[in-house]
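Novice: The structure follows.
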Amino acid sequence: MTQTPTTAQKATLTVGDQTIELPVITGTENERGVDISSLRKETGLVTVDPGYVNTGSTLSSITFIDGEKGILRYRGYPIEQLAEHSNFVETSYLLIHGELPTSEQYERFRQRLRMHSMIHEDMKHFYDGFPSSAHPMAILSAMVCSLSTYYPEAMESEEEVDLLVCRLLSKVRTIAGYSYKKSVGQPFVYPNNSLSYCANFLYMMFGLPTESYEPDPEVEKALNLLLILHADHEQNCSTSTVRMVGSSQTNLFACISAGICALWGALHGGANQRVLEQLQYIDESGGDVEKFVAAVKDKTSDQRLMGFGHRVYRNHDPRAKIIKDACHRLLNHLGVTDSYLDIAMRLEEVALNDEYFVERKLYPNVDFYSGIMYRAMGIPTNMFTVMFALGRLPGWIAHWLEMRDDSQNRIHRPRQIYTGEQLRNYPT
Ligand code: ACO
């Protein structure tokens with residue numbers, strides 16, 4: 001439940017001979033922020049914070065992270081407990097509605113996701129327009145934005161909101177499955193609504209219209225876990241994008257489409273694809289992990305150790321530990337030995353004992369091991385970021401709804417410090 005933050009403390013700011021007091025906002029976990037919203041009005045100054053490293057853009061009651069202690073909680077529930085006991089559908093409900101569902105609410109939600117799994121038949125033709133080499137993230141973003149043309153209705157009542165949210169959650173999975181089929185030149189496989197959310201996705205990916213296909217329950221379990229771990233991460237780049245775009249009152253589909261594009265980048269969700277490409281490169285060039293680590297430390301190259309480092313976590317990423325264990329379990333179950341896993345573990349060991357990484361507090365993040373799991377499931381590398389988007393969707397939706405329902409919401413419009421030319425005349 002949202003709690004009103006306290007503002008008992010004040011911060012004092014002196015600029016030249018002017019001193020002003022600014023409220024200090026304290027959240028439910030005692031994290032504090034100086035409210036500078038009156039700064040410009042009172043002093044004519046703005047704050048400068050490239051990359052928003054130190055900017056709280058909103059109050060939010062969805063996800064709590066303590067980067068120093070390696071804590072991640074959705075709506076108060078520790079990620080470790082959700083990973084062990086929940087499934088992706090239930091966690092999505094939790095993020096979107098704020099509470100775990102009762103069994104009745106869960107059934108209704110699940111039923112709605114089942115009912116809305118198909119995309120309009122006309123949308124299938126959109127796939128014909130993309131080259132077979134198209135990156136599935138581009139397709140996903142375009143298709144999600146296109147959904148707004150099929151569901152242009154306003155979201156006035158709770159019922160309308162719920163319906164549109166379920167449509168989006170369910171159809172994104174189908175769009176992703178079809179993107180894969182398009183990329184391998186196979187016929188689309190319609191959703192099988194007798195299956196669970198994750199099993200149905202695997203069915204659309206790996207099933208064929210001509211053969212029966214039964215998803216492996218262990219793979220389904222692993223997929224649930226991966227999606228739960230990616231489901232939200234407070235004001236990250238893509239979620240902030242969803243909020244930024246939504247602040248101008250753009251529709252939900254367009255905002256999510258923008259979030260998908262933001263996620264695509266290599267420094268964000270695109271890192272999982274890059275991690276695997278890096279492992280492949282190391283493997284193919286002889287497996288010299290030390291040499292590779294030396295190369296990423298070299299400041300004259302812009303190479304980084306992908307899957308390492310995080311803006312917020314400065315101790316460990318709690319998701320990385322869960323994924324590493326799950327990765328071993330899945331590979332054991334499938335009877336897969338993967339040289340990439342060996343390289344990843346050696347990379348981790350070398351990096352964690354290297355002064356460069358220790359000093360900068362760089363640890364494996366959520367995407368260091370996720371790609372190895374996806375690979376073991378048979379998901380191709382260029383689909384990894386799509387998998388991340390599937391997982392992050394309930395988080396984006398929850399933030400979009402929170403922003404929409406916030407009476408304090410204003411269009412997001414940062415300021416700048418201009419550093420260009422001063423007034424000059426056009427040469428005549
Ligand atoms: N490899 C090598 N050096 C690194 C790495 C890395 N992966 N990450 C950070 N550094 C170094 C930087 O070069 C910098 O060094 P310097 O102080 O000598 O200049 C220092 O560590 C701080 O790095 P910043 O880029 O300032 O940290 P920032 O918080 O802006 O970036 C980020 C965080 C983008 C995650 C970064 O660590 C990175 O690029 N990691 C690799 C990409 C990746 O895995 N992204 C996924 C993040 S998790 C997610 O979005 C799901």
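Novice: I want to confirm something. Restricting to the range 348-393 and keeping residues that are within 13 Å of the chain's Cα centre (by Cα), within 13 Å of the ligand (Cβ to nearest atom) and among the aliphatic types (A, V, I, L, M), which single residue is modelled with the lowest pLDDT?
Specialist: Val366
Novice: For Val219, indicate whether it is surrounded by 19 or more Cβ atoms within 10 Å (Cβ to Cβ), without any contact (Cβ under 8 Å) to a residue 60 or more places away in the chain and more than 10 Å from the ligand (Cβ to nearest atom).
Specialist: For Val219, the condition - surrounded by 19 or more Cβ atoms within 10 Å (Cβ to Cβ), without any contact (Cβ under 8 Å) to a residue 60 or more places away in the chain and more than 10 Å from the ligand (Cβ to nearest atom) - is not met.
Novice: So for the range 404-418 (the condition being part of a helix (DSSP H, G or I) and in contact with a Lys or Arg (Cβ under 7 Å, 6 or more places away or on another chain)), does at least one residue qualify? Steps first, answer last, please.
Specialist: Quick first cut of the range 404-418, residues part of a helix (DSSP H, G or I) only: 404.
Filter again for in contact with a Lys or Arg (Cβ under 7 Å, 6 or more places away or on another chain), leaving none.
No: the range 404-418 contains no residue that is part of a helix (DSSP H, G or I) and in contact with a Lys or Arg (Cβ under 7 Å, 6 or more places away or on another chain).
Novice: Being under 39 Å from the mean Cα position of the chain (by Cα) and either among the hydrophobic types (A, V, I, L, M, F, W, C) or surrounded by 10 or more Cβ atoms within 10 Å (Cβ to Cβ) (or both) is the filter here, so list the residues in the range 412-426 that pass it.
Specialist: Across the range 412-426, the qualifying residues are His412, Pro414, Arg415, Ile417.
Novice: Restrict the check to the range 239-257 and report whether at least one residue is more than 16 Å from the ligand (Cβ to nearest atom), of a type in the set (Lys, Arg) and more than 14 Å from the chain's Cα centre (by Cα).
Specialist: No: the range 239-257 contains no residue that is more than 16 Å from the ligand (Cβ to nearest atom), of a type in the set (Lys, Arg) and more than 14 Å from the chain's Cα centre (by Cα).
Novice: Condition first: surrounded by 15 or more Cβ atoms within 10 Å (Cβ to Cβ) and more than 15 Å from Ser370 (Cβ to Cβ). Now tell me which residues in the range 296-310 satisfy that.
Specialist: Passing the criteria: Val296, Lys297, Arg304, Leu305, Gly309.
Novice: Right, something else. Quick check, is Tyr340 surrounded by fewer than 22 Cβ atoms within 10 Å (Cβ to Cβ), at pLDDT below 95 and not hydrophobic (A, V, I, L, M, F, W, C)? I'd like the intermediate steps shown before the answer.
Specialist: Values: surrounded by fewer than 22 Cβ atoms within 10 Å (Cβ to Cβ): yes; at pLDDT below 95: yes; not hydrophobic (A, V, I, L, M, F, W, C): yes.
Yes: the conditions hold for Tyr340.
Novice: Same structure again: Considering only residues that are in a loop (DSSP other than H, G, I, E, B) and without any contact (Cβ under 8 Å) to a residue 40 or more places away in the chain, look in the range 250-269 and name the one that is surrounded by the fewest Cβ atoms within 10 Å (Cβ to Cβ).
Specialist: Checked the range 250-269; the qualifying residue surrounded by the fewest Cβ atoms within 10 Å (Cβ to Cβ) is Leu267.
Novice: Let me ask something additional. Could you run through the range 134-175 and say how many residues are touching a residue at least 24 places away in the same chain (Cβ under 8 Å) and part of a loop (DSSP other than H, G, I, E, B)?
Specialist: 5
Novice: Which members of the range 270-318 meet the condition of being within 13 Å of the ligand (Cβ to nearest atom), assigned to a helix (DSSP H, G or I) and acidic (Asp, Glu)?
Specialist: Glu277, the sole residue that qualifies.
Novice: On the basis of being closer than 23 Å to Ile96 by Cβ and assigned to a helix (DSSP H, G or I), does Glu80 make the cut?
Specialist: Judged against the criteria, Glu80 is a match.
Novice: Tell me which residues, restricted to the range 59-74, are under 21 Å from Arg243 (Cβ atoms) and in contact (Cβ under 8 Å) with a residue 12 or more places away in the chain.
Specialist: Of the range 59-74, the ones under 21 Å from Arg243 (Cβ atoms) are 59-65, 67, 72-74.
Within the range 59-74, Leu59, Ser60, Ser61, Ile62, Thr63, Phe64, Ile65, Gly67, Leu72, Tyr74 meet the criteria.
Novice: Restricting attention to the range 48-98, and to residues there that are out of contact with any Gly (no Cβ under 8 Å at 6 or more places or on another chain) and of a type in the set (Lys, Arg), which single residue is surrounded by the fewest Cβ atoms within 10 Å (Cβ to Cβ)?
Specialist: Once the filter is applied, the top-ranked residue is Lys69.
The values are calculated or read from the model by the stated rules, or taken from the named source; none is laboratory data. Note that this is a predicted model, so its numbers are computed, not measured. No Cβ is skipped: glycine too gets one built from the backbone with ideal geometry, and neighbour counts run over all protein chains shown.
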